[in-house]
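Data first, discussion second: the structure below is written as structure tokens.
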Amino acid sequence: MKVAFAQLNYTIGDFEGNSEKIITQILKSKEQGVDLVLFSELSVTGYYPHDLLEKKEFIQKAEDAVAVIAKSCEGIAALVGAPRINENERGKKLFNSAFFLADGKIQSVHNKTLLPTYDIFDEYRHFEPNRAFEVVEYKGEKIAVTICEDLWDEQPTANEFGKDKLYEVSPMEELVKLHPDFVVNLSASPFSYNQEGWRKNVLISKAKKYKVPILYCNQVGAQTELVFDGGSVYIDKNGEIVKELKYFEEDTLVVDTKNIGTKELQKKADYIEKIHDALVLGIRDYFGKMGFKQATLGLSGGIDSAVTVVLAVRALGAENVRVLLMPSKYSSDHSVEDARVLAENLGIQYDIVNIQSAVDEFEKTLAPLFKGTSPGVTEENIQARARGIYVMAISNKFGHILLNTTNKSECAVGYGTLYGDMNGGMAVLGDVYKMDVFKLSRFMNKDGEIIPENSIVKPPSAELRPDQKDTDSLPDYKDLDEMLFNYIELNKSPKEIAALGFEEEVVRRVIRMVNMNEYKRFQAAPIIRVSSKAFGFGRKMPLVARY
């Protein structure tokens with residue numbers, strides 16, 4: 001059987017646009033003599049629609065779109081993803097379904113069994129799990145249809161809770177009893193920099209265990225925080241990856257299940273390159289799908305704003321990026337020069353606005369109220385908020401979306417000013433630890449210096465007081481990042497982290513900073529997710545707690 005993988009980029013709720021993409025690919029595949037076209041999970045609606053699934057009109061439009069798509073399936077079949085109403089008297093309102101379309105109509109519907117409800121996933125909020133298993137019989141072949149998490153039945157839980165596996169049911173155990181010739185998996189698997197290897201291992205293990213080929217079709221593109229990296233694969237019954245589609249790009253591929261041919265694999269990339277590509281795609285799709293074109297940000301001469309502006313230019317084009325250089329009396333001449341050189345290297349518009357007169361005026365106005373107190377963090381924050389006013393003015397006046405430049409390390413410990421440097425419509429580096437920001441800068445300079453070397457090698461500083469350095473109030477970033485990773489991603493206790501070679505008092509201070517600044521993150525811009533545990537709706541912590 002000739003099967004086409006259609007790895008496409010969808011927009012949530014764009015039924016007309018998504019349907020047009022799907023139908024175009026079906027017709028193109030028909031011209032190529034394809035028998036079956038695979039699309040990704042919830043391809044008709046886009047993944048994940050969240051509480052749009054509560055709207056009856058939204059579901060009706062999805063049903064109408066599937067019916068229209070089905071009419072294009074004459075002489076060819078397709079598997080598309082969409083929600084389906086649960087007609088049973090009990091249970092959730094909907095199923096997360098794969099629709100098998102052929103001969104101009106819906107031939108069968110296959111519902112998702114395993115509904116992830118952890119981290120960024122909240123599917124059991126809306127969907128009822130499948131409890132019946134059947135295969136598609138088409139052109140003499142038996143096809144087992146699975147949807148994303150259905151192949152992840154061996155998803156582990158933390159062993160210290162006395163349980164090894166998250167799910168009680170294995171869809172593959174049920175489907176293999178029906179003797180399928182191959183398994184298809186319609187997926188919407190979000191990117192994280194360590195996900196690709198883990199994902200492939202799951203697919204390979206299933207193919208080996210059940211001695212059946214697996215055709216995995218993932219989506220690509222970004223939906224606000226989530227980035228989908230594509231990387232669809234054909235894995236033979238021996239667990240060998242034979243075909244692999246591109247990463248971070250739309251792609252299609254036709255395979256003949258009876259004659260697979262030679263290997264077609266993608267070039268391997270290290271995790272920094274993957275993060276780079278994910279962030280560029282995240283910015284581009286956020287702007288494109290929201291109808292925005294231009295971005296602005298404050299360029300300080302530091303590493304975070306430098307990396308952010310390079311990513312913005314690569315996503316949107318130099319003509320669509322404008323920056324402000326906003327020195328105060330504490331800004332070094334070198335910082336202003338570094339920012340200017342970077343802007344000129346990129347060919348972007350920049351303006352220099354000295355904020356000192358505005359800061360002086362604020363301090364003068366507040367002097368009667370602050371009488372008898374010593375200057376401190378409040379005065380430092382006035383500078384950050386003054387800068388926030390200027391960049392937001394550019395955003396409002398010219399319709400530029402402000403990009404936030406705060407990295408994950410700073411975001412974690414609250415090293416940022418609300419309504420100042422935390423302003424923004426999107427946080428580009430909010431899921432990238434500081435040491436990885438440095439690595440990103442080196443990657444960006446691999447073919448020639450774009451970011452000035454001084455921005456990379458100088459000690460990080462907010463430049464809000466004389467001779468200030470980040471290490472005045474924070475551990476060295478190398479140590480800080482390791483502590484944060486173990487606390488945030490791995491959920492380790494202070495004692496466990498201290499056992500890695502850190503002073504327990506320092507570890508507890510860092511963890512206290514993380515916990516105390518939850519209220520800041522609650523008000524922060526949406527963060528592009530590139531790790532397995534990003535701040536945002538994938539990490540839900542109480543704002544008020546004594547833990």
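For the range 301-320, the tally of residues that are touching a helix residue (DSSP H, G or I) at 6+ places or on another chain (Cβ under 6 Å) and assigned to a loop (DSSP other than H, G, I, E, B) stands at 1. Residues that are β-branched (Val, Ile, Thr) and either in contact with a Cys (Cβ under 9 Å, 6 or more places away or on another chain) or free of Cβ contacts under 8 Å to residues at least 40 places away in the same chain (or both) occur in the range 332-339; there is at least one. Just one of the listed residues (Val377, Val336, Val341) is under 33 Å from the mean Cα position of the chain (by Cα), of a type in the set (A, V, I, L, M) and closer than 21 Å to Asp421 by Cα, namely Val336. Considering the range 392-419, the residues that are farther than 18 Å from Gln523 by Cα and among the aliphatic types (A, V, I, L, M) include one that is surrounded by the most Cβ atoms within 10 Å (Cβ to Cβ), namely Ile394.
For the range 349-361, the count of residues that are in contact with a Phe, Trp or Tyr (Cβ under 7 Å, 6 or more places away or on another chain) and touching a residue at least 40 places away in the same chain (Cβ under 8 Å) is zero.
When the residues of the range 190-227 are filtered to those that are closer than 27 Å to Val437 by Cβ and small (Gly, Ala, Ser), the one that is modelled with the lowest pLDDT is Gly197.
In the range 403-418, how many are among the polar types (S, T, N, Q) and assigned to a loop (DSSP other than H, G, I, E, B)?
4
For the range 249-270, a residue qualifies if it is hydroxyl-bearing (Ser, Thr, Tyr) and surrounded by fewer than 16 Cβ atoms within 10 Å (Cβ to Cβ), and exactly one does: Thr262. For the range 208-224, give me each residue that is crowded, with 24+ Cβ neighbours inside 10 Å and under 19 Å from Gln155 (Cβ atoms). Ile214, Tyr216, Asn218 - these are the residues of the range 208-224 that are crowded, with 24+ Cβ neighbours inside 10 Å and under 19 Å from Gln155 (Cβ atoms).
Tell me, which residue of the range 18-32 that is free of Cβ contacts under 8 Å to residues at least 24 places away in the same chain and closer than 24 Å to Phe58 by Cα is surrounded by the most Cβ atoms within 10 Å (Cβ to Cβ)? Residue satisfying both the conditions and the ranking: Lys21. The residue list Asn381, Asn354 contains one member that is part of a loop (DSSP other than H, G, I, E, B) and not aliphatic (A, V, I, L, M), which is Asn354.
So that you can scan it fast, the table gives a plain yes or no per residue for (1) under 22 Å from Glu149 (Cα atoms); (2) over 29 Å from the mean Cα position of the chain (by Cα); (3) modelled with pLDDT under 95:
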residue	(1), (2), (3)
Phe39	yes, no, no
Leu42	yes, no, no
Ala67	no, yes, no
Ala82	yes, no, no
Arg90	no, yes, yes
Asp103	no, yes, no
Gln107	no, yes, no
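Of all residues in the range 321-339, those being part of a helix (DSSP H, G or I) and surrounded by fewer than 19 Cβ atoms within 10 Å (Cβ to Cβ) number 4. When Glu173 is tested against the conditions (1) of a type outside the set (Phe, Trp, Tyr); (2) over 22 Å from Lys21 (Cβ atoms); (3) surrounded by 14 or more Cβ atoms within 10 Å (Cβ to Cβ), the lone failure is (3).
All of (1) exposed (fewer than 14 other Cβ atoms within 10 Å of the Cβ); (2) closer than 30 Å to Ile272 by Cβ hold for Thr373 with one exception: (2). Residues that are among the acidic types (Asp, Glu) and not assigned by TED's automatic domain parsing to the domain that holds Thr296 number at least 1 in the following strands (runs of 3 or more DSSP E) confined to the range 166-284: 226-229, 241-244, 251-256. All conditions in (1) touching a residue at least 40 places away in the same chain (Cβ under 8 Å); (2) within 20 Å of Lys397 (Cβ to Cβ) hold for Leu325, with the sole exception of (1).
Each row is one residue, and each column tells you yes or no for (1) modelled with pLDDT of 95 or more; (2) not hydrophobic (A, V, I, L, M, F, W, C).
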| site | (1), (2) |
| --- | --- |
| Glu134 | yes, yes |
| Lys142 | yes, yes |
| Glu154 | no, yes |
| Glu160 | no, yes |
| Leu186 | yes, no |
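Taking the range 423-456 as the range and being assigned to a loop (DSSP other than H, G, I, E, B) and surrounded by fewer than 24 Cβ atoms within 10 Å (Cβ to Cβ) as the test, the residues that pass are Gly425, Asn445, Lys446, Asp447, Gly448, Glu449, Ile450, Ile451, Pro452. Of the strands (runs of 3 or more DSSP E) lying entirely inside the range 41-141, those carrying at least 1 residues that are surrounded by 17 or more Cβ atoms within 10 Å (Cβ to Cβ), touching a residue at least 60 places away in the same chain (Cβ under 8 Å) and touching a His at 6+ places or on another chain (Cβ under 7 Å) are 94-102. The residue that is surrounded by the most Cβ atoms within 10 Å (Cβ to Cβ), counting only those in the range 271-312 that are of a type in the set (Asp, Glu) and within 17 Å of the chain's Cα centre (by Cα), is Asp285. Just one of (1) touching a Gly at 6+ places or on another chain (Cβ under 8 Å); (2) within 22 Å of Gly448 (Cβ to Cβ); (3) surrounded by fewer than 23 Cβ atoms within 10 Å (Cβ to Cβ) fails for Leu346. It is (1). Just to be sure before I move on: is Ala144 small (Gly, Ala, Ser), part of a strand (DSSP E or B) and either in contact with a helix residue (DSSP H, G or I) (Cβ under 7 Å, 6 or more places away or on another chain) or closer than 19 Å to Val3 by Cβ (or both) in the structure I sent? Answer is yes for this residue.
The values are calculated or read from the model by the stated rules, or taken from the named source; none is laboratory data. Computed from a predicted model, the values in this text were never measured in an experiment. Cβ sites come from the backbone with ideal geometry, for glycine too, and all protein chains shown count toward neighbours.
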